[in-house]
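Encoded as structure tokens, the structure appears first; notes follow it.
Nothing in this text is a laboratory measurement; each read-out follows from the coordinates by a stated rule. Note that the structure is a prediction, hence the values are computed from the model and not measured. Backbone-built Cβ (ideal geometry, glycine too); neighbour counts: all protein chains shown.
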Amino acid sequence: MNEYDSAKIIDLLTASCDFTETEDVTQADLVVLNTCSVRTKASEKMFSDLGRLRLLKKKNPKLILAVGGCVSMQEKKNIFCRAPYVNIVFGPQTLHRLPELYKRALNNEKHIIDTTSCQIEKFDYFPAPSKTGPIAYVSIMEGCNKFCSYCIVPFTRGIEKSRNISDILTEIKTLVAKEAKEIHLLGQNVNAYRDPNNNATLANLIQETAKIPTIERIRFTTSHPAEFGDDLIAIFKDVKKLANHIHLPIQSGSNRILKLMRRGYTREEYQKIIEKLREVRPDINISTDFIVGFPNETEEDFAETIEIIKQINFDTSYSFIYSPRPNTPAEKMADNVTLTEKKERLAILQNQLAAQARKYSKNMIGTTQKVLVTDHAKKDSKQFSGRTENNRVVNFTAKQDVLGKMVEVKITEALPNSLRGEF
Ligand code: SAH
Ligand code: SF4
């Protein structure tokens with residue numbers, strides 16, 4: 001979501017203020033920090049980045065500093081207290097006003113803040129995307145109503161609000177005209193997507209997207225297991241363009257912890273969804289998110305998480321140590337798990353996941369995979385680089401230019417973070 005917002009900020013500033021992007025921050029007239037506050041580390045990182053930018057601002061007093069995203073929503077005016085040299089604070093819902101806020105800052109207005117909640121208004125202001133690779137991201141909804149006990153997102157991004165299906169499809173068609181072949185439908189809880197006018201669902205949106213002829217692959221993220229209906233299972237059966245991969249965050253394998261997290265499903269319900277998905281797509285690849293060391297997580301709770309990792313046979317996944325977030329119910333829970341124990345558990349969990357991911361990669365050797373070519377390989381510009389259905393990077397050589405194309409690549413080698421192949 002943040003990457004999507006950052007791309008939109010670039011589009012807006014290029015279209016309205018005639019900015020160009022620079023890799024060299026010392027050349028910048030405006031620096032925008034787009035922030036995430038899901039875990040403590042992210043907000044602390046923002047303040048340390050600001051500390052570095054302060055030195056730059058000392059050398060160049062005309063430099064305008066803007067801070068956006070979820071930390072802005074959480075900290076609001078506090079940002080000016082901790083970092084008084086910041087000019088603008090804006091939120092995830094007001095990023096479309098950045099060009100106007102920037103002009104006010106140029107007119108010497110001090111400490112400009114706009115963190116109002118106007119949710120999907122911003123979509124009406126986004127210019128056509130300035131650049132699109134073969135993979136394009138489209139936000140279909142904003143916010144989240146789930147209020148998981150540990151999570152700050154509903155407080156920083158607001159409650160769920162879906163965009164009109166017609167607006168989303170128009171945006172997708174614009175991206176397709178700019179050569180996008182793979183579309184990622186984005187939102188905090190995309191399963192809850194409902195068109196405000198006709199109640200169309202995520203399943204309907206996927207069907208409509210798949211009808212666009214030049215689209216070759218569709219993905220959606222993030223899905224919530226409590227709202228994974230049979231209509232979505234059916235979509236995996238019917239829509240061949242839907243990638244053979246799903247990211248479905250489980251967070252924990254313990255029912256006791258899932259209840260404390262207020263996730264709204266049990267491990268058995270989660271397993272049932274996977275079972276149904278595997279009935280229609282036997283080799284579907286499944287990734288997930290885990291929170292390790294939730295308050296008072298016992299050894300037994302953790303053992304149940306490890307057990308479900310093996311049972312489901314998750315592929316590459318994200319895992320985090322629980323991070324208390326301000327004003328969430330979990331923040332007030334007593335916690336008898338030490339940080340050392342949490343770190344140990346995270347290492348055990350990540351080792352297990354890495355071993356499973358290695359096995360998946362190894363099993364791909366000798367197979368032919370559909371690869372969407374996104375770039376030249378980082379280490380060798382004569383090689384191409386692309387993504388498989390299960391989202392692995394493949395580097396390979398090809399005699400003709402295949403950039404932007406979906407091609408069939410034979411996998412020859414599995415490296416820790418990528419695959420090698422032959423075209
Ligand atoms: N809406 C998605 C994910 C949003 S946040 C979902 O429900 O799954 C992305 C991930 O960050 C979460 O899946 C969770 O694993 C992690 N996360 C969120 N809050 C956290 C916290 N307080 N501490 C540690 N990890 C957290
Ligand atoms: Fe946060 Fe839960 Fe909403 Fe995901 S579903 S964004 S974890 S509140």
Loop-only GluC sites (Glu not before Pro) in the stretch 330-423, please: DSSP not H, G, I, E or B, and at most 14 other Cβ atoms within 10 Å. none
Can you classify the stretch 60-200 as rounded, prolate or oblate using the Cα gyration tensor, where a ≥ b ≥ c are the square roots of its eigenvalues, rounded means a/c under 1.5, and otherwise it's prolate if a/b beats b/c and oblate if not? oblate
Jot down the radius of gyration and Dmax of the stretch 129-253, Cα atoms only, both in angstrom. 14.4, 43
So what's the net charge close to residue 342: Lys and Arg +1, Asp and Glu -1, counting the other residues with Cβ under 15 Å from its Cβ? -2
Computed ³J(HN,Hα) along the stretch 407-423: with the Karplus parameters 6.51/-1.76/1.60, θ = phi - 60°, integer Hz and x for glycine or proline, the list is 10, 9, 10, 8, 7, 10, 8, 10, 9, x, 10, 7, 10, 10, x, 10, 9
Quick calc of log₁₀ I(q)/I(0), the stretch 289-417, Debye, one scatterer on every Cα, no solvent, q values 0.09, 0.18 1/Å, result -0.41, -0.93
When we measure straight from the Cα of residue 103, which lysines land under 17 angstrom away, once same-chain ones fewer than 8 places off are left out? 62
Using the structure shown, select from 45/378; 240/399; 359/410 the pairs with a Cα to Cα distance greater than 20 angstrom. 45/378; 240/399
For the stretch 2-118, go through all pairs of different Cα atoms, get the mean of 1/r, take its inverse, and jot down that Kirkwood value in Å. 14.1
Residue among 221, 316, 368 with the largest mean-square fluctuation in a Gaussian network model of the chain, springs linking Cα atoms under 10 Å: 368
Using only the Cα atoms of the stretch 368-422, construct the convex hull and provide its projected area averaged over every direction, in square nanometres to one decimal. 3.3
For the stretch 221-277 and the stretch 128-186, what is the separation of their Cα centres, given in Å? 20
Can you give me the three principal axis dimensions of the chain from its C-alpha atoms, in Å, biggest first? 61, 59, 48
Whichever aspartates and glutamates have a C-alpha closer than 12 Å to that of residue 146, once near sequence neighbours (fewer than 8 apart) are set aside: 160, 227
Quick note, the stretch 121-363: a/c under 1.5 would make it rounded; otherwise a/b > b/c is prolate and the rest oblate (a ≥ b ≥ c, C-alpha gyration tensor); here it is prolate
Greater than 18 Å apart at Cα, pairs in 241/370; 8/76; 181/237; 241/405: 8/76; 181/237
